[in-house]
Every structure is written in C-alpha cells, then in structure tokens.
Amino acid sequence: MVIFIQHQGQKAGPFTPQEIQSGLASGIYQTSNLVWYEGMTDWAPLSTTLHILEGTPAPPALTTPPLTTGIPQNSGLAITSMVLGILTFVACGLTAIPAVICGHMALGKIKRSQGTLAGRGFAITGLITGYLGFIVMIAAVAGLVAPIVLRASKKADTVQAVSNARQIGLALFGFEMEYDSYPDSTTAALVAEETNTPEITGTSSNARFRQLFSADLTDSEDMFYVKADGVSKPDGDISGDNALAPGECGFGYIENVRTDDNTPRPIAMAPFKIGSDQFDPQPLDNLAVILWTDNTVTTLPIDRATGTVLLDGQDLLDPSHPIWGGTAPSLLLPE
C-alpha cells in the first residue's frame, strides 16, 4: 500500500505505512494531517486511518490520489497581493507594483496546485487594486512634477525676454546715436527722409520699433517677442508695414526719455495684459522685464491684485514716482 499525505499545505508521497508511522513518531506528521490511499473516495484525517499503518506491506502498483482536497488552503501570495493592493491607496501607489507582481504569481501557483491552493479572489482583488494604485501613483507623480516643469518653462521664457530686451536696448542706443533721440513722432519723418522709405505712422510700440527696421539698425523681429497672451512668434517678414505686424511685439515703449537724463529711466517693458496698461503676472512667473536707458535690464515683481510693478514701494508708471523727474511717462502699448 502507498499513502499520500497533505503536509504544510502541500501534497506529499507516495509513502509506505512504515514511513508515515516513522513521521508520526518523529513529530513530522500529526494525526490531523489528511491522507489518501487507493480505495478511499476522498482525503481523510490520519487519526481515522491509523489501523492501516500496522504491518501492511506496500503494493508495487502506484496510483494517483484525487486532484482536489477537502480543505484547500489560501495562497499566502494571494493574500499579500490583496493587502498590498488595498494599501496602495494609502501609500500613494507605492505598493502597487508589488501587489501586481504578487497577484500574478499567486494566480500561477493556484492554477498549478491542482486544487490544493485557494485564494483566486484575493489575487484578483490585489491585481485590480494594484493596477488602480499604479494609476494613482502616476497621477501623484504628475501632480508633483507638473509645477516644477511649469516653473522651469516660465524661467526659460523670462531669460529669453531679458535677452531680447538687451538686444532692443542696443538697437535703441544706435538709433539715439544716429538721430540724437529715441524713436518718436518727430524721428519718423527724419528716418523716412534719410532712408527714402515711407514714413512710419501710428502711436503703438510696434510703430516706434518699426523705425529701427527702416533705419537698418535691425532686421530681426525675434527680439521683440515675449511669450504672453496675444503675442505670437514673428513670421520674419519685415517688408514695409509687415515688420512687427499686430501681435508680433510684446514690449511696451516709453517715448519721452533720453540717455542724457540724470537718472536712468525705463524705456521698454513687458508683458502686458491684452489691450491694457496693466502688467500680466502669468507669463513670466509674476515678473516684469524692464529695459532702462542705460541699457541695463531688470526684472521686477508684479502686484497680482493691481497689475502694477512696484519700485521702492510705488507704482513704476505712476507719474509722481521720483524715477520720472516730474515728467509723466508716455506709455505706448503693443498692437
């Protein structure tokens, strides 16, 4: 006779009655362990079959016990998968991947156990919660990274705006050297006469900056770009009135200042809200870019509530600000 026994959740055997008896004596097996031998219809506790252990020789034939047991044990991996899957919603998805791995391993072992292992429902629960937790983890990481990426993008936009302002300053310096003034309504006629080009008209910052193109002090629209609402990338067409077409300039312009003033004063600045003399805090991370008549460029914080730039605690564009020396600034806005 050959005997199969369930020990520690696993099917073992075949054994002879003497081997089973020896295992009982050494404490390896317990009388509560389930056993099966040929002729039994199902597994039964060893305590009910002790009589077969007394001197019965083992037959040469080997048969196979039933594939299923009366009391299958739950898979530890399946339970682990379920617990990790549930914890993933508390741990922001950190246990999601282990839950999925344990769940797949548990399903594989349950399938190969021939009915001795249970817990398929636990494993599936772990898989579902694990995959959902993985989505939670991705969302959490995205939520943490997005502000960093956005801030880095705005910083890059600010650096570009500062660089563009410096290029504008160089072009304005060359214009002032040539015409003894920055671009204004009076220099438009002088530029047209000396360059034999149509006179630039209009009272926007675009119109004043177009004089730089007519005077051959620049051939690039790119330096007038600021990433802001209403401002588009220049198309590079500077022929005639196409230079700095509406929407291709992001800088405002102050036209009644000179380099020989005792105090450096702002001459160009950005970004502005569309159609308004209020600064827009959104595009450049709450900063305004200011070009001064001494060709320096600074960034100043924007008051979100009022859309103003404060210098020494006072609105920079306030006519009473000491920076203007008693002469109100004439701000021309972009088209």
Problem set entry | Subset of segment 237-255 (residues that are closer than 28 Å to ALA328 by Cβ and either open to solvent by 20 Å² or more (accessible area, probe 1.4 Å) or outside any loop (DSSP other than H, G, I, E, B) (or both)) | PRO246, GLY252, TYR253, ILE254, GLU255
Exercise. Which one is farthest from the chain's Cα centre (by Cα), of the residues in segment 111-136 that are surrounded by 16 or more Cβ atoms within 10 Å (Cβ to Cβ) and part of a loop (DSSP other than H, G, I, E, B)?
Worked result: THR116
Exercise. Which of the residues spanning segment 288-335 are open to solvent by 60 Å² or more (accessible area, probe 1.4 Å), more than 36 Å from the chain's Cα centre (by Cα) and either of a type in the set (Ser, Thr, Tyr) or closer than 23 Å to ALA228 by Cβ (or both)?
Worked result: SER320, THR327
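Kindly indicate which of PRO264, PRO319, PRO234 is without any contact (Cβ under 8 Å) to a residue 40 or more places away in the chain, more than 25 Å from VAL159 (Cβ to Cβ) and not in a strand (DSSP E or B). Break it down stepwise before answering.
Working: PRO264 fails: more than 25 Å from VAL159 (Cβ to Cβ); PRO234 fails: more than 25 Å from VAL159 (Cβ to Cβ).
Sole residue among the options that is without any contact (Cβ under 8 Å) to a residue 40 or more places away in the chain, more than 25 Å from VAL159 (Cβ to Cβ) and not in a strand (DSSP E or B): PRO319.
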Exercise. Of (1) basic (Lys, Arg); (2) more than 19 Å from THR293 (Cβ to Cβ); (3) assigned to a loop (DSSP other than H, G, I, E, B), ARG210 satisfies all except one. Which?
Worked result: (3)
Exercise. Taking the stated definitions as given, is THR195 touching a residue at least 60 places away in the same chain (Cβ under 8 Å), open to solvent by 30 Å² or more (accessible area, probe 1.4 Å), more than 23 Å from ASP157 (Cβ to Cβ) and β-branched (Val, Ile, Thr)?
Worked result: no
Exercise. Does segment 209-238 hold any residues that are over 38 Å from the mean Cα position of the chain (by Cα) and more than 16 Å from LEU170 (Cβ to Cβ), and which are they?
Worked result: ARG210, SER214, ILE238
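Which residues, taken from segment 198-207, are open to solvent by less than 20 Å² (accessible area, probe 1.4 Å) and part of a loop (DSSP other than H, G, I, E, B)?
Keep residues of segment 198-207 that are open to solvent by less than 20 Å² (accessible area, probe 1.4 Å), which gives 204-207.
Passing the criteria: only SER204.
In segment 204-217, which residues are more than 13 Å from ASP237 (Cα to Cα) and either in contact with a Phe, Trp or Tyr (Cβ under 7 Å, 6 or more places away or on another chain) or without any contact (Cβ under 8 Å) to a residue 60 or more places away in the chain (or both)?
Initial filter on segment 204-217 (more than 13 Å from ASP237 (Cα to Cα)): 204-209, 211-212, 214-217.
Residues satisfying the conditions are SER205, ARG208, PHE209, GLN211, LEU212, SER214, ALA215, ASP216, LEU217.
Mind checking which residues of segment 41-54 are open to solvent by 40 Å² or more (accessible area, probe 1.4 Å), outside any helix (DSSP H, G or I) and without any contact (Cβ under 8 Å) to a residue 24 or more places away in the chain? Walk me through how you get there before you give the answer.
Narrowing segment 41-54 to residues open to solvent by 40 Å² or more (accessible area, probe 1.4 Å): 41-42, 45, 47-48, 50-51, 54.
If we keep only those that are outside any helix (DSSP H, G or I) as well, we get 41-42, 45, 54.
Answer for segment 41-54, where residues must be open to solvent by 40 Å² or more (accessible area, probe 1.4 Å), outside any helix (DSSP H, G or I) and without any contact (Cβ under 8 Å) to a residue 24 or more places away in the chain: THR41, PRO45.
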Seminar exercise, completed: Within segment 55-87, of all residues that are open to solvent by 90 Å² or more (accessible area, probe 1.4 Å) and modelled with pLDDT of 55 or more, the one farthest from VAL100 (Cα to Cα) is ILE71
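Identify the residue in segment 4-26 that is among the hydrophobic types (A, V, I, L, M, F, W, C) and under 18 Å from GLN114 (Cβ atoms) and, among all such residues, is surrounded by the fewest Cβ atoms within 10 Å (Cβ to Cβ). Before the answer, list the steps.
Just the residues of segment 4-26 that are among the hydrophobic types (A, V, I, L, M, F, W, C), to begin with: 4-5, 12, 15, 20, 24-25.
Filter once more, keeping what is under 18 Å from GLN114 (Cβ atoms): 4-5, 12.
Details: PHE4: 22, ILE5: 23, ALA12: 14.
Only one residue tops the list, namely ALA12.
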Exercise. Quick one: how many residues across segment 259-280 are under 18 Å from GLN167 (Cα atoms) and open to solvent by 10 Å² or more (accessible area, probe 1.4 Å)?
Worked result: 3
Exercise. Which members of segment 213-231 meet the condition of being assigned to a helix (DSSP H, G or I), open to solvent by 20 Å² or more (accessible area, probe 1.4 Å) and over 18 Å from GLU255 (Cβ atoms)?
Worked result: ASP222
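The values are calculated or read from the model by the stated rules, or taken from the named source; none is laboratory data. This is a predicted model, so every value here is computed, not measured. Virtual Cβ from ideal backbone geometry, glycine too; neighbours counted across all protein chains shown. With ligands, DNA and RNA removed, areas are computed over all heavy atoms of the protein, side chains included. Shrake-Rupley method; radii C 1.70, N 1.55, O 1.52, S 1.80 Å.
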